[in-house]
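Engineer: Supplied in structure tokens, the structure appears directly below.
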Amino acid sequence: MSRARAVVFAYHDVGVRCLKTVLSAGVEVALVVTVPDDPQETHWYASVAATAADYGLSVIAPAEPDAGELERTLEALQPDFIFSFYYRSLLSEALLRHARRGALNMHGSLLPKYRGRAPVNWAILKGEHETGATLHYMVARADAGDIVDQQSVPILLDDDAREVFVKVTVAAETVLARSLPGLIAGTAPRRPQAIEPGQYFGRRRPEDGHIDWTRPALEIHNLVRAVAPPFPGAFAMVGGERWEIHRTRLSARRAPGGGRRLFGVDGECYAACGDGAVLRLLDAASRSGPIDLARYAHALERHPVPLG
């Protein structure tokens, strides 16, 4: 009996680890389709193109995945499976129909929660205590097909998006490794998803990182860690200067006096937020570079700065 054949659409760390998992399971990867790198984006993640080349696989990076030429290529390859592992475009039904035994996607959340874009970032922003990875069949609507398997991971109070993404990558590899034997044998389970309003989330933009100091401290803390570098980062105006706030921590300290303000105590910077709770600033930068928060704190001890 011939081994299963797959075409893999992949990008990012999840793409690399899941591609390696497919290969380790003995699946023939007839083609790898990846994404052209954006020169304006910080490339902090592993390269699917480099991994495919290392294994001697055929790899392409078309600007548009629904091109007729790609459809003809898939038709000729006749894959048993099409896999999408953090590929950045939704695959059309015209492409999906070329998977003789199924087209499956790995999504970075516990579906049906956080369908759509940036699921890790959104889960942190919304204060979730866990997220995970879900392997599901692809249909015309994004992240809506039957679920094969999923694995949860914890989100700790001070985890940032990169740290959670590392956990989700391991969860994705785990889910795929234990699901592939059943997929190949035709015995893998599939559980329908309930489609409910409010479960789809869109792409986040750099301007969405603006800090509103009238919000509660926990909400601001969640924003900071959801968009911390290598993502675009949270930012605010402090004393007439734009600050990027990269890391914070909730504090039991109370602000001297009332109102939203940046103040200093014992060489540490604190922000009093809209609910009266306080955040300690651990890492920040301005346009001129990293801010020496300990030095700034001494000035704040004498002259706190109002926060708009």
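Engineer: Skipping prolines and chain starts, which residues have an amide H placed within reach, meaning under 5 Å, of the one on V148, given they are 5 or more residues away or on another chain?
Structural biologist: Correct list: L135, H136, Y137, R191.
Engineer: State the Cα centre-to-centre distance between segment 191-207 and segment 54-107 in whole Å.
Structural biologist: Spelled out, the Cα-based centre of one part sits 23 Å from the other.
Engineer: Straight-line reach from K113: which lysines fall under 19 Å, measuring Cα to Cα and dropping same-chain residues less than 8 apart?
Structural biologist: K126, K167
Engineer: Mind checking the angle between helix 293-302 and the chain's longest principal axis? C-alpha axes, 0 to 90 degrees, to the nearest 10.
Structural biologist: The answer is roughly 30 degrees.
Engineer: Now for a separate question. Report the net charge of residues surrounding P189, where surrounding means a beta-carbon distance below 11 angstrom and charges are Lys +1, Arg +1, Asp -1, Glu -1.
Structural biologist: Residues near P189 contribute 0 overall.
Engineer: Which option, [x] 140; [y] 288; [z] 201, is the value of volume of the Cα convex hull per residue in Å³ that was calculated from these coordinates?
Structural biologist: It is the value labelled [x].
Engineer: Moving on to the next point. Over segment 239-308, what is the mean sequence separation of C-alpha contacts under 8 Å (at least six apart), divided by residue count, expressed as relative contact order in percent?
Structural biologist: Computed over segment 239-308, the figure is 38 percent.
Engineer: In nm, what is the difference between 0.36 nm times the number of residues separating A142 and V166 and their Cα-Cα distance?
Structural biologist: Net length gain for the segment: 6.3 nm.
Engineer: What number results when the radius of gyration of segment 19-164, computed over Cα atoms, is divided by 2.2 N^0.38 Å? The partial results should precede the final answer.
Structural biologist: Details: Rg = 16.1 Å, N = 146, 2.2 N^0.38 = 14.6 Å.
So the Cα radius of gyration is 1.10 times the expected 2.2 N^0.38 Å.
Engineer: Indicate, rounded to the nearest 5 percent, the antiparallel portion of the DSSP beta bridges found entirely in segment 1-119.
Structural biologist: The antiparallel proportion sits near 0 percent.
Engineer: Also, quick follow-up: Can you find, among V7, A294, A50, the residue sitting farthest towards the positive end of the charge dipole of the chain, where Lys and Arg contribute +1 and Asp and Glu -1 at Cβ?
Structural biologist: So the residue we want is A294.
Engineer: Then there's this: Taking the Cα centre of segment 165-308 as origin, sum charge times position over the Cβ atoms of Lys and Arg (+1) and Asp and Glu (-1), and report the length of that vector in debye to the nearest 20. List each step's numbers first, then the result.
Structural biologist: Numbers: 20 positive and 14 negative charges, 58 e Å.
With only Lys, Arg, Asp and Glu charged at Cβ, the dipole is about 280 debye.
Engineer: Along the Cα→Cβ direction, 7 angstrom out, place labels at E75 and R97. What is the inter-label distance in nm?
Structural biologist: Each label point lies 7 Å from its Cα, and together they span 1.0 nm.
Engineer: Something else now. How high is the relative contact order of segment 60-158, in percent, counting Cα pairs under 8 Å that sit 6 or more residues apart? Provide the component values of the computation, followed by the final result.
Structural biologist: On the way: 155 pairs, mean separation 22.2, N = 99.
The normalised contact order for segment 60-158 reaches 22 percent.
Engineer: Given H placed 1.01 Å from N in the peptide plane, which residues other than close sequence neighbours of R261 have an amide H under 5 Å from its amide H?
Structural biologist: Here A272, L307 satisfy the definition.
Engineer: May I pose another question? I want to make sure I understand the PRE zone here: with the label point 7 angstrom from the Cα of S152 toward its beta carbon, which residues in segment 107-130 have backbone N atoms less than 14 Å away?
Structural biologist: The answer is 109-113, 128-130.
Engineer: Another question, if that's okay. Quick one: how many Å² of D54 are accessible to a 1.4 Å probe, rounded to 10?
Structural biologist: The accessible area of D54 comes to roughly 130 Å².
Engineer: Can you give the angle from 0 to 90° between the axis of helix 217-226 and the longest principal axis of the chain, with both taken from C-alpha atoms, to the nearest 10?
Structural biologist: Computed tilt is about 40 degrees.
The values are calculated or read from the model by the stated rules, or taken from the named source; none is laboratory data. Keep in mind the model is a prediction, meaning the values are calculated, not measured. Note that we place each Cβ from the backbone using ideal geometry, even for glycine, and neighbour counts take in every protein chain shown. Accessible surface areas use protein heavy atoms only, side chains included; no ligands, DNA or RNA. Shrake-Rupley method; radii C 1.70, N 1.55, O 1.52, S 1.80 Å.
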